[in-house]
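The values are calculated or read from the model by the stated rules, or taken from the named source; none is laboratory data. These numbers were taken from a predicted model, which means no experiment stands behind them. Cβ placement follows ideal geometry from the backbone for every residue including glycine, while neighbour counts extend to all protein chains displayed. With ligands, DNA and RNA removed, areas are computed over all heavy atoms of the protein, side chains included. Shrake-Rupley method; radii C 1.70, N 1.55, O 1.52, S 1.80 Å.
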Amino acid sequence: RVAGAAGGMAGTAAAPPPPPDEDTWPAKRASIRAMTALGQHVEAMKAIMHAMRSFAERLDLYTLSIDTSSYYKNPAEVGVALKALAHAEGLAASDGGVRVQPEQVLQFSQILAERGRVFLALSQPARALPDLSGAVDIHAEQDEETLGALALAREQVAAAAEEEQRAAEARKVPVTVLTGFLGSGKTTLLNHILRESHGRKIAVIENEVGSIGIDNKLIGDPAGIAARTEETVTLLDNGCLCCTVRSDLIAAVSQILDRAEAIAANGLAAGAGAAGTGPPLDAIVIETTGLADPGPVCKTFYAEESLRERTRIDGVLTVVDAAHFLEQLRRRRSDGAVNESAQQVGFADKLLLNKVDAVDAAAVEAVEAEVRSINAACPIIRCSLAQRPNEVPLGELLGVGSFCLDRILQDLLGEAAEVEAPAAKRRRGGPQALCQLRPPPVQSRHDTGVRTCAFTLAGAPLVLDRFMQVMNTIRVEKAVDLYRYKGVVCVREASGGLKRAVMQGVHDMCQFQPRGRWPAGEPPVSQLVFIGRDLDEALWGRLFDKTQEGALETAAP
């Protein structure tokens, strides 16, 4: 009985209180890290979920005046709200009798950090990033393992996003805008594309404005073509598609794409093709009228969502008549009027110098010099389309990727590598450093106002806000006269790291996207190229100077 009584008394005695969760968390955290290091990710995640449940119970989390509905799905949001609650009244806040201590906020940030590290070990950086970012946002003083995991997650998420974007771009049909003055040879080139058995699926869209159009023998219905009032798409013997545009370019391109996708689907159903992730066409070539500005055509494919999702601008191909180009430049125009020939050269990503067989070598050199004075960056291919069209390989005309930011990055970096870095902080006054070491352009004898200017900003990264302010001002003030521009810049992000970004644009339409970290050990340098009419190189140079880090501070008296 005594023993029983003693036992009964022992059974009624108050048990010692459990140690605070804060005291046991370091041991739990060490255990979770050990499991993660051993590849026991499921067990580690179970331990983290148990820690989260224990944390919520001890804090009586669900009675607080914060939204806890996403506690297990997106705990970082709850953590941010918890931190705000803890700091509502100094270091601690009272809410319904429950006090949130800073130590508890620290513990929850560490739970988030471990959860993020496990997701990262499971190759799920997109799920790891919110937890790791939240951990640092809630409590900035994290250990090196957590900070390193956060940097790795950011890098992997950015790389995955870039790869996804590249894959999406690869599924789009590349569009080449073909321009050139009346009689330069555009239609001759189109007929060559439609006639030859080149093995490519190319759609040609012709503006029906000129007196001579696509060879009717290729279409097969000359009377019908002349009588039609809507865009029609014709499938040719070599697998290409032809469409004559009378009104709406968007409708014409959409009709081309629908027809190409239907042909591809029918071929797949009949077993004549293999399923793939590529586009239904190898290219679309759009001919502009002889006096047209190619800019609005390019912008259409960015402004119209239906086209932006299915197509991408590949480049502007300009055909120049070697026999008449200089005369076209000299043609008298009213004050303020645009010189169309110079404008089309300014837009060119690649240029066909046609009819070289009709002039002597000196004349060809003179035309090339004029072209270089306008656009020093574009490659020139000499040709005679009427006599020897086969000498112009389509592979060099289509698929140039001139509007592709990755291609721009590759080209500009490749060209910069060939140029020895100058001692000066900035170089201006000529694009030759960015144009494969071509010689300085010859000053034009014909004042068209269209030219190329380039800037190299070396020695310090750019302040992103200042740079975007300058670029936005230029785009607004020179929207009409700014034909083409591209560049690679080095900027410092908020975290202090250096990032590489690439831009390209037409008129006021501009693409600007990050392209990963700046290479370690490589000095910061930014390169910009502009082609347009009446560009104020001196003013722009001063403005770009002030976008560099430290420029405003050193300029102060």
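Miscellaneous remarks
- Descending semi-axes in whole angstrom, ellipsoid equivalent of segment 290-331, from the Cα gyration tensor: 31, 11, 5
- Shown here for segment 113-191: GluC sites (Glu not before Pro) in loop regions (DSSP other than H, G, I, E, B) with at most 15 other Cβ atoms within 10 Å, namely E141.
- Accessible area per residue was computed with a 1.4 Å probe on protein heavy atoms; L528 scores about 0 Å².
- Among the trypsin sites (Lys or Arg not before Pro) in segment 111-204, none is located in a DSSP loop while being surrounded by at most 10 other Cβ atoms within 10 Å of its own Cβ.
- Reduced Cα scattering model of segment 108-166, Debye log10 I(q)/I(0), q = 0.17 Å⁻¹: -0.47
- Flagged links, alpha-carbon separation over 30 Å, of K28/K73; K186/K299; K201/K499: K201/K499
- Cα-based shape type of segment 472-557, given that a ≥ b ≥ c are square roots of the gyration tensor eigenvalues and the cut on a/c is 1.5: oblate
- Among K350, K355, the sequence by solvent-accessible area, most first, with a 1.4 Å probe is K355, K350.
- Each of V80, V480 has its accessible area taken with a 1.4 Å probe; listed largest first, they run V480, V80.
- Where a label projected 7 Å from the Cα of R127 along Cα→Cβ would reach, residues of segment 43-62 with amide N under 20 Å: 43-54
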